[in-house]
1. Quick one: in segment 16-31, of everything that is of a type in the set (Val, Ile, Thr) and surrounded by fewer than 19 Cβ atoms within 10 Å (Cβ to Cβ), which residue is farthest from residue 80 (Cα to Cα)?
2. Consider residue 38 carefully, then state whether it is under 20 Å from residue 93 (Cβ atoms) and not aromatic (Phe, Trp, Tyr).
3. If a residue has to be in a loop (DSSP other than H, G, I, E, B) and modelled with pLDDT of 95 or more to count, how many in segment 9-23 make the cut?
4. All but one of (1) in contact with an Asp or Glu (Cβ under 6 Å, 6 or more places away or on another chain); (2) surrounded by fewer than 21 Cβ atoms within 10 Å (Cβ to Cβ); (3) at pLDDT 95 or above hold for residue 6, so report the exception by its number.
5. Determine which member of the set 50, 32, 79 is of a type in the set (S, T, N, Q) and farther than 22 Å from residue 17 by Cα.
6. What number goes with the only condition from (1) without any contact (Cβ under 8 Å) to a residue 24 or more places away in the chain; (2) more than 15 Å from the chain's Cα centre (by Cα) that residue 52 does not pass?
Amino acid sequence: MQNRIFSGAPSEDFAGYAKAVIDGPTIYVSGTMGQDPQTNAFPEGVADQTRNALASIDAALAKAGASLKNAVACRVYITDGAFLKDVATVLGEVFAEIRPTNTLLICQLPAPGAKVEIEITASTRS
């Protein structure tokens, strides 16, 4: 059985997607950029954007009865290779004990000011 989690972002409706999909023990969280949750603006620093994205993902996982501790795969998209060290440092702090698989790509992102987007797959299977 599949369940959908929605964050309420307007883009979910006009682009036709869910923040997360629960499929049995697997939770797929859509790509998440790092806006400030209060202002919806992108912080200047990529490390802050990374932390915001991970916090948003963790909130979606919590609605599914999980957390970042359940992450099994992490896909990261950055707009500049110069951001790699700052992003990797934050990921290393968050995932030091978890160790999901990781893919990182350098690409364009669809929102002005966005420097990082993160997508997570998590599992509640023991």
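1. So, considering only residues that are of a type in the set (Val, Ile, Thr) and surrounded by fewer than 19 Cβ atoms within 10 Å (Cβ to Cβ), the one farthest from residue 80 (Cα to Cα) is 26.
2. Numbers: under 20 Å from residue 93 (Cβ atoms): no; not aromatic (Phe, Trp, Tyr): yes.
Judged against the criteria, residue 38 is not a match.
3. Final tally of qualifying residues: 0.
4. (3)
5. Step by step, each of 50, 32, 79 is checked, and only 79 is of a type in the set (S, T, N, Q) and farther than 22 Å from residue 17 by Cα.
6. Going through the list (1) without any contact (Cβ under 8 Å) to a residue 24 or more places away in the chain; (2) more than 15 Å from the chain's Cα centre (by Cα), residue 52 breaks only (2).
Residues are listed down the side, and each one gets a yes or a no for (1) touching a residue at least 12 places away in the same chain (Cβ under 8 Å); (2) within 14 Å of residue 69 (Cα to Cα); (3) surrounded by 12 or more Cβ atoms within 10 Å (Cβ to Cβ); (4) of a type outside the set (Gly, Ala, Ser):
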position: 99; (1), (2), (3), (4): no, yes, no, yes
position: 107; (1), (2), (3), (4): yes, no, no, yes
position: 117; (1), (2), (3), (4): yes, no, yes, yes
position: 122; (1), (2), (3), (4): yes, yes, yes, no
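This table checks each residue for (1) hydrophobic (A, V, I, L, M, F, W, C); (2) closer than 27 Å to residue 125 by Cβ; (3) modelled with pLDDT under 95.
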position: 31; (1), (2), (3): no, yes, no
position: 51; (1), (2), (3): no, no, no
position: 56; (1), (2), (3): no, yes, no
position: 81; (1), (2), (3): no, no, no
position: 98; (1), (2), (3): yes, yes, no
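The values are calculated or read from the model by the stated rules, or taken from the named source; none is laboratory data. Only a predicted model underlies this, so the values are computations on that prediction, with no experimental measurement involved. With ideal geometry, Cβ positions are generated from the backbone for all residues, glycine too; neighbour counts draw on all protein chains shown.
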